[in-house]
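In what follows, a single structure is set out as structure tokens and then discussed.
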Amino acid sequence: MKSNIGVPFFTDFPIDFDLEWQMSRAEKYCLINLLQNIKPSVAIEIGTYKGGSLQVLNEFSKQVYSLDISKAPKQFLAGKFPTVDFKIGDSFLILPDLFIEIEKEGKKLEFILVDGDHTTNAVKKDIHTILSYPHKNPITIILHDSFNPQCRAGIKGINYSQYPQVTYVELDYIIGSFWHNTTYREMWGGFAMIRLDPTNTKPALIMGSQERLFKRVYFSSMHLIKDRFHFLVPIKFWLFKKLGLKQKTDMYESFD
């Protein structure tokens, strides 16, 4: 039996169904409601792909910056979102200068969606880069795929006590699941949330409210085997390239 936990989806939000939105119903409802309430002056999206979540950020934010390692999102989406500033490259390299640029222009960064490279080290780099900057106002950070073991390890691998502006961390703000697509028993989805407040003087509240569920699902998942052989991924990339074969990550380089 096939299922898709992203549809049907009932909302007053004017969804563009031409834009692929790889989130569950719960995540979509959550993102719309959060942004509708925050109404960010400035929002950043790390990892845009085909613009599903970008349409929500664009609707409720005064200014949006889209960061992606691939040129494809800009080529495909710039016409649909003419006011979005598309930046191409590694997010952890772009972010420091972007934070300075936003501040110099007198704007307020109030929301960040982290949905880029889903490896543990990349997630840690993004979080560290964001938290290391001395932000001047409160920021809500949503990290997609917090139920994926690699992403979750990256989120948990941060020593949040080093960043006094962190007030709240919840790994399971929205819980993930075995995903609905062709991946077999792979754990995806879920929102983690980090809240920043530069005036904070109290220790951060750090939670993983569904940690027990995560562990139970993990021991029934493909990740128990797959993640042990993650070190072989570079060899797989090299082999596929040599043989001229397509792989799943190619979809992020081209929308054809």
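Rule-based calculations on the coordinates, nothing more; no lab input. Predicted model, so just to flag it, every value in this text is computed and none were measured. So basically every Cβ, Gly included, is an ideal-geometry build from the backbone, and we count neighbours across all protein chains shown.
For region 89-133, GluC sites (Glu not before Pro) are listed when DSSP marks them as loop and at most 16 other Cβ atoms sit within 10 Å of their Cβ; the list is Glu105. Only beta bridges with both residues in the chain are counted; by DSSP, about 40 percent of them are antiparallel.
Summarising the overall dimensions of the chain from its C-alpha atoms, the Rg and Dmax are 18.0, 56 angstrom.
Which residue, Glu186, Glu27, Glu211, has the most motion in a Gaussian network model of the chain that connects Cα atoms within less than 10 Å? Highest fluctuation among the options: Glu211. The ellipsoid that matches the Cα gyration tensor of region 27-148 has semi-axes, each √(5λ) in whole angstrom, of 18, 18, 16, with the longest given first.
Scaling the Cα radius of gyration of region 104-171 by the globular reference 2.2 N^0.38 Å produces a ratio of 1.11.
Averaged over residues, the count of other Cβ atoms within 10 Å places the peptides 67-77, 218-228 in the sequence 67-77, 218-228, highest first. Sorting the segments 112-118, 167-173 by their mean number of nearby beta carbons within 10 angstrom, highest to lowest, gives 112-118, 167-173.
Hey, what did the chain get for relative contact order, percent, Cα under 8 Å, at least 6 apart?
Computed value for the chain: 16 percent relative contact order.
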